[in-house]
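The values are calculated or read from the model by the stated rules, or taken from the named source; none is laboratory data. Keep in mind that what you see is a predicted model, and the values were worked out from it rather than measured. Every residue, glycine as well, gets a Cβ built from its backbone with ideal geometry; the counts of neighbours run over all protein chains shown.
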Amino acid sequence: MKENAFDKVMATLSDQLNVAQIMVTELDYCTRNDDPSRILGVMDTKNYDIMPVKEDDRFIGYIERSLLEKMKQIGLAMQVIKFDIIVSSNTSIDKVINLFQKSRFFFVNRANDLVGLVTYADLDKIPVRIWLFILISKFEILLLQLIKKFYKKSLWLNELTPLRRRKITDLLNEKRKHDIDVSLEDCLNLGDLIELLERDGGLRSFVGYETRNSCSQEMSGLDHLRNNVVHPSNSLVNSYDGVKKLNERIGRLQQAMKRVESALENPITG
């Protein structure tokens, strides 16, 4: 599809929502000469897996809690900050999510100076949620456009359960009581839109899915992702293993968006 205002806003925000927005700059750190028992106490209390090591006001390495527990000396436990655990401060949110497949943390470089640290736990911060919310919102809009294009009138209602049909109709009536000008389709939520796509073989084929199973696999977890994004009390990443799941869902979301965008460019036949 041609670039529209939504795409331009998305591109602008993507440029601004980067590692610099989620990294930690005020870091606890240690030196080679610190008491390892005290440092382990700090790491345990604050639940740190790693801690930077400084010398002459510059980061020279880092220690991992598990290794320090074994080595008992900061100098022996210290590891060098290698290139593969350094990212630029302007690295985009989507790229850093993918990079977390390789490491649980990264030191952040700006103008040839290490200025912060970003870990997978930082993926729960607001800038990441904003980026994901925009991405998911665009997907919802595309699906809604698809439904309006594919179905004559509101025949899609036949694909939903009686309970969902009743709730959607009730929502429409409630909105119209408050003089809100909406269509029945506008009362669908993401779960409804995905369900319609999965249930209707004609619609699935139009979008490019050969089977219901292939469609369901690509859509799996996207509604759950949306709910986690809009509810700050829900964590996007509960553990490091959750980073892979988040990255996979984002990849499938982006692929599904491309499918729907492509379908919207084609005429309905038959």
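One table, with the values for the structure above:
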read-out: The lone exception for Tyr209 - which of (1) at pLDDT below 95; (2) part of a loop (DSSP other than H, G, I, E, B); (3) within 25 Å of the chain's Cα centre (by Cα); (4) not aliphatic (A, V, I, L, M) it fails; value: (1)
read-out: Which listed residue, of Glu195, Glu218, Glu185, is among the acidic types (Asp, Glu) and out of contact with any helix residue (DSSP H, G or I) (no Cβ under 6 Å at 6 or more places or on another chain); value: Glu195
read-out: Matching option when the condition is in the same structural domain as Arg199 (by TED's automatic domain parsing), out of contact with any strand residue (DSSP E or B) (no Cβ under 7 Å at 6 or more places or on another chain) and closer than 30 Å to Lys244 by Cβ, among Glu174, Glu140; value: Glu140
read-out: Number of positions in the range 1-57 that are in a strand (DSSP E or B) and at pLDDT below 90; value: 0
read-out: Residue that is surrounded by the fewest Cβ atoms within 10 Å (Cβ to Cβ), among those in the range 8-42 that are closer than 28 Å to Gln145 by Cα and in contact with a helix residue (DSSP H, G or I) (Cβ under 8 Å, 6 or more places away or on another chain); value: Val9
read-out: Lone qualifier among Lys70, Lys46, Lys54, Lys82 - being among the basic types (Lys, Arg), touching a Ser or Thr at 6+ places or on another chain (Cβ under 7 Å) and without any contact (Cβ under 8 Å) to a residue 40 or more places away in the chain; value: Lys54
read-out: Members of the range 167-182 found to be in contact with a Leu (Cβ under 8 Å, 6 or more places away or on another chain) and not hydrophobic (A, V, I, L, M, F, W, C), listed by number; value: Thr169
read-out: Among residues of the range 151-165, those that are part of a helix (DSSP H, G or I) and touching an Asp or Glu at 6+ places or on another chain (Cβ under 8 Å), counted; value: 3
read-out: Residues satisfying the stated conditions in the range 51-77, i.e. touching a Lys or Arg at 6+ places or on another chain (Cβ under 7 Å) and crowded, with 18+ Cβ neighbours inside 10 Å; value: Val53, Ile74
read-out: The range 199-238 - residue that is touching an Asp or Glu at 6+ places or on another chain (Cβ under 9 Å), surrounded by fewer than 19 Cβ atoms within 10 Å (Cβ to Cβ) and in contact (Cβ under 8 Å) with a residue 60 or more places away in the chain and, of those, farthest from Ile250 (Cα to Cα); value: Pro232
read-out: Residues being acidic (Asp, Glu) and more than 13 Å from Gln21 (Cα to Cα) - total across the range 95-128; value: 1
read-out: So Arg166, is it of a type in the set (Lys, Arg), exposed (fewer than 12 other Cβ atoms within 10 Å of the Cβ) and either under 27 Å from Phe100 (Cβ atoms) or out of contact with any Ser or Thr (no Cβ under 8 Å at 6 or more places or on another chain) (or both); value: yes
read-out: Boolean, Thr45 is surrounded by fewer than 12 Cβ atoms within 10 Å (Cβ to Cβ), among the hydroxyl-bearing types (Ser, Thr, Tyr) and either within 14 Å of Val118 (Cα to Cα) or touching a Cys at 6+ places or on another chain (Cβ under 7 Å) (or both); value: no
